[in-house]
Amino acid sequence: MLFVHGNPTWSWMYRRALGAVAGSHRAIAVDHVGMGRSDKPAEYPYRLNQHAENLLALVRKLDLNDVTLVVHDWGGPIGLLAAVREPGRFSKLVISNTAAFRSERMPWQIGLARSPIGGFLLRGPNLFVRGLMKDCVVHPDRITPETRRGYFWPYGSWADRVALHRFVQDVPTAPGHPSYAHLVELEEGLPKLTDKPTLLLWGEDDWCFGKPFLAEFQQRMPHADTVALPAGHLVVEDEPERYCRALADFAG
């Protein structure tokens, strides 16, 4: 099982999920360049294509096959683009609160985060991670002080937060964007994955990737099973027991 996180999280987000499947599966969780324990270079092509190729390089290096791919947020486009490019290595998909197609649904918060002032707010007062803890759950009482420290830990300085802004800037919104063609490649390549058992494991109260995104995945991947949970964007923290149980049951 290959776990792929988004922004502004890191592999630690999957700590409970790893424990839920480690007895029956080889479980691998990555940190994208710029995130978690990975290097955080100031100058780097923080683009969808680069992240997908990094993930494929790992898959090839470890010669992974029969992979159950687990994705969330930006991990969705990254992981699913890798699967579209080498579908023979992937056997099952678990998709949570993400997108893999063009959409005009961009919350104003994301638009602000892409701007220069947004870059200051993300990299200065670390507003993105603060917002994650506050606005991306519907059960804030489940975010313990230890959990907060875990999410803040990799992003302790301005330099450490470079990718938090660059990931948001890489959301492709128009044909002229450098990652737009790769998003189209992913969208048009989704039919390559329709033969794979798929679980849409969704926090249905997500202000960013809410019910309309779930509905579009259901339309594009009608073979998929759905488990919708009363959770926000950070579904793995909002409903950890039910998330892990659904994940383990699906993985088999």
- line: Subset of segment 71-101, residues aliphatic (A, V, I, L, M) and either out of contact with any Leu (no Cβ under 7 Å at 6 or more places or on another chain) or in a helix (DSSP H, G or I) (or both), comes to ILE78, LEU80, LEU81, ALA82, ALA83, VAL84, ALA99
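For every residue, the table says whether it meets (1) of a type outside the set (A, V, I, L, M, F, W, C); (2) at pLDDT 95 or above; (3) under 19 Å from the mean Cα position of the chain (by Cα); (4) part of a helix (DSSP H, G or I).
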| residue | (1), (2), (3), (4) |
| --- | --- |
| GLY131 | yes, no, yes, yes |
| LYS134 | yes, no, yes, yes |
| ASP141 | yes, no, no, yes |
| ARG148 | yes, yes, yes, yes |
| ALA163 | no, yes, yes, yes |
| ALA174 | no, no, no, no |
| GLU188 | yes, yes, no, yes |
- line: In the set PHE213, PHE217, the lone residue that is closer than 18 Å to VAL137 by Cα and at pLDDT 95 or above is PHE213
statement: Restricting segment 1-23 to residues that are over 14 Å from the mean Cα position of the chain (by Cα) and not in a helix (DSSP H, G or I), the one nearest to VAL162 (Cα to Cα) turns out to be MET1
message: Please determine whether any residue of segment 24-35 is part of a loop (DSSP other than H, G, I, E, B), without any contact (Cβ under 8 Å) to a residue 24 or more places away in the chain and either charged (D, E, K, R) or buried (at least 23 other Cβ atoms within 10 Å of the Cβ) (or both).
response: no
query: Among the residues of segment 59-80, is there at least one that is open to solvent by 10 Å² or more (accessible area, probe 1.4 Å) and among the aromatic types (Phe, Trp, Tyr)?
result: yes
message: Based on this model, can you work out whether THR226 counts as outside any helix (DSSP H, G or I) and touching a residue at least 40 places away in the same chain (Cβ under 8 Å)?
response: no
query: Going by the conditions given, is PRO191 surrounded by fewer than 17 Cβ atoms within 10 Å (Cβ to Cβ) and not acidic (Asp, Glu)?
result: yes
query: Taking the stated definitions as given, is PRO41 open to solvent by 10 Å² or more (accessible area, probe 1.4 Å), in contact (Cβ under 8 Å) with a residue 24 or more places away in the chain and closer than 21 Å to ASP206 by Cβ?
result: no
task: Write out, first by first residue and then by second, each pair whose Cβ atoms fall under 9 Å of each other, whose residues are 6+ apart or on separate chains, and whose first residue, in segment 164-180, is within 13 Å of PRO8 (Cα to Cα) and without any contact (Cβ under 8 Å) to a residue 12 or more places away in the chain while the second is open to solvent by less than 20 Å² (accessible area, probe 1.4 Å) and assigned to a loop (DSSP other than H, G, I, E, B).
output: none
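The values are calculated or read from the model by the stated rules, or taken from the named source; none is laboratory data. Just so it is clear, the structure is predicted and the values come from calculations on it, not from any experiment. Neighbour counts are summed over all protein chains in view; Cβ atoms, including those assigned to glycine, are modelled from backbone coordinates with ideal geometry. Each accessible area value is taken on the protein alone, full model and side chains, heavy atoms only, with ligands, DNA and RNA left out. Shrake-Rupley method; radii C 1.70, N 1.55, O 1.52, S 1.80 Å.
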